[in-house]
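The values are calculated or read from the model by the stated rules, or taken from the named source; none is laboratory data. Source: prediction; values computed, not measured. Note: ideal-geometry Cβ built from the backbone for every residue, glycine included; neighbour counts use all protein chains shown. Each accessible area value is taken on the protein alone, full model and side chains, heavy atoms only, with ligands, DNA and RNA left out. Shrake-Rupley method; radii C 1.70, N 1.55, O 1.52, S 1.80 Å.
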Number of protein chains: 2
Amino acid sequence: MTTVSTNIDTALASFEEHWSPRFLAQVNDFAVRVVKVEGSFVWHSHPDTDELFIVLDGTLDIHLREEAGGETAVHLERHDVFVVPRGTQHCPESPGGASVMLLEPAGTLNTGDYAGEVPDHITSTTGIQV
Amino acid sequence: MTTVSTNIDTALASFEEHWSPRFLAQVNDFAVRVVKVEGSFVWHSHPDTDELFIVLDGTLDIHLREEAGGETAVHLERHDVFVVPRGTQHCPESPGGASVMLLEPAGTLNTGDYAGEVPDHITSTTGIQV
């Protein structure tokens, strides 16, 4: 039996790139990932899954498109927990930078259904091994 | 659309009981819960699910029974992440106390398949609403 644990802070210290999530652990079909963010991501949704955000450090704004049209946003600070429901267009943004833990099924692409060209400051990935 | 977030620290400040997990959020069929622990839990397993522990504060030892017999343990400190595989008998213990985040399917009983009398210092629950 493995008795190997991983550490969030060690993982975060092992890379510098923004919007490039690292895989930490798998529990059943779910993956735990951590990501450093700064600036804006791209608008996207995950048609088949909710996505949970936990802010570890810094602040994160998640812009959300209402089904009826129009936009709203949620402002998250340290240790705030927020779930974006499946199928909801959202765009995370962090002017000042943040470290965030993500929970969603393993194999979920961070850019979801985004069909445009992926900007240089973003890595489109299901999670890079630490 | 809800833009309500929850906060880990606010949740932890809202109760004192040890071994009495609080429900924070649900993502698909998974629940995120936080628990304060001190002393020993009971030996148990979850036959149908892995269980993920993230230490938020303090230290946690998870004792594990090997399939071949014998015991081992993993010592977890702040921000350590560890997964107990499904079906593995384990007993969390924290001599000095800890705050821990738990990830497992909603409806999972914290005492798992434990069939004995639940000691007074433990609440057997699938997660109490904050």
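Numbers at a glance
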| read-out | value |
| --- | --- |
| The protein assembly as shown: calculated mean residue ellipticity at 222 nm from DSSP helix runs of at least 4, using -39500 (n - 2.57) | -1000 deg cm²/dmol |
| Assigned charges on the beta-carbon of Lys, Arg, Asp, Glu; chain B dipole about Cα centre (debye) | 360 |
| Potential lengthening between residue A:78 and residue A:123 on full extension [0.36 nm per residue; Cα-Cα distance subtracted] | 13.8 nm |
| Packing rank of A:91-100, B:66-75, where each peptide gets the mean count of other beta carbons within 10 Å, highest leading | A:91-100, B:66-75 |
| Net charge dipole size for the protein assembly as shown [Lys, Arg +1 and Asp, Glu -1 on Cβ; Debye, nearest 20] | 20 |
| Of all DSSP beta bridges in chain B, antiparallel share, percent nearest 5 | 90 |
| Paramagnetic reach from residue B:66 in the range A:1-38 [backbone N under 18 Å; point 7 Å along Cα→Cβ] | A:1-5 |
| Inter-copy separations for residue B:72, label at 7 Å along Cα-Cβ, nm, ascending | 4.8 |
| Which of A:79, A:13, A:44, positive extreme of dipole for the range A:1-101 (C-beta unit charges) | A:13 |
| Nearest residue to the symmetry axis between A and B, taken on chain A by its Cβ, in whole Å | A:30, 3 |
| Residue-by-residue Karplus 3J(HN,Hα) for the range A:36-48, coefficients 6.51, -1.76, 1.60, Hz, glycine and proline x | 9, 10, 6, x, 10, 8, 10, 5, 6, 9, 10, x, 10 |
| Amide H partners (placed H, <5 Å) of residue A:97, local residues excluded | A:39, A:59 |
| Label distances, nm, residue B:47 versus same residue in remaining copies, Cβ-directed 7 Å point | 3.8 |
| Net charge, residue B:112 excluded, C-beta distance under 11 Å - Lys, Arg +1, Asp, Glu -1 | -3 |
| Carbon + sulfur, % of accessible area of the protein assembly as shown - ligands and nucleic acids excluded, 1.4 Å | 48 |
| Residue-averaged beta-carbon neighbours from other chains (10 angstrom radius) around A:70-79 | 3 |
| For residue B:129, label point 7 Å along C-beta direction: distances to other copies, nm | 4.4 |
| Added length on full extension, which subtracts the Cα-Cα distance from 0.36 nm per residue, residue B:3 to residue B:109 | 35.3 nm |
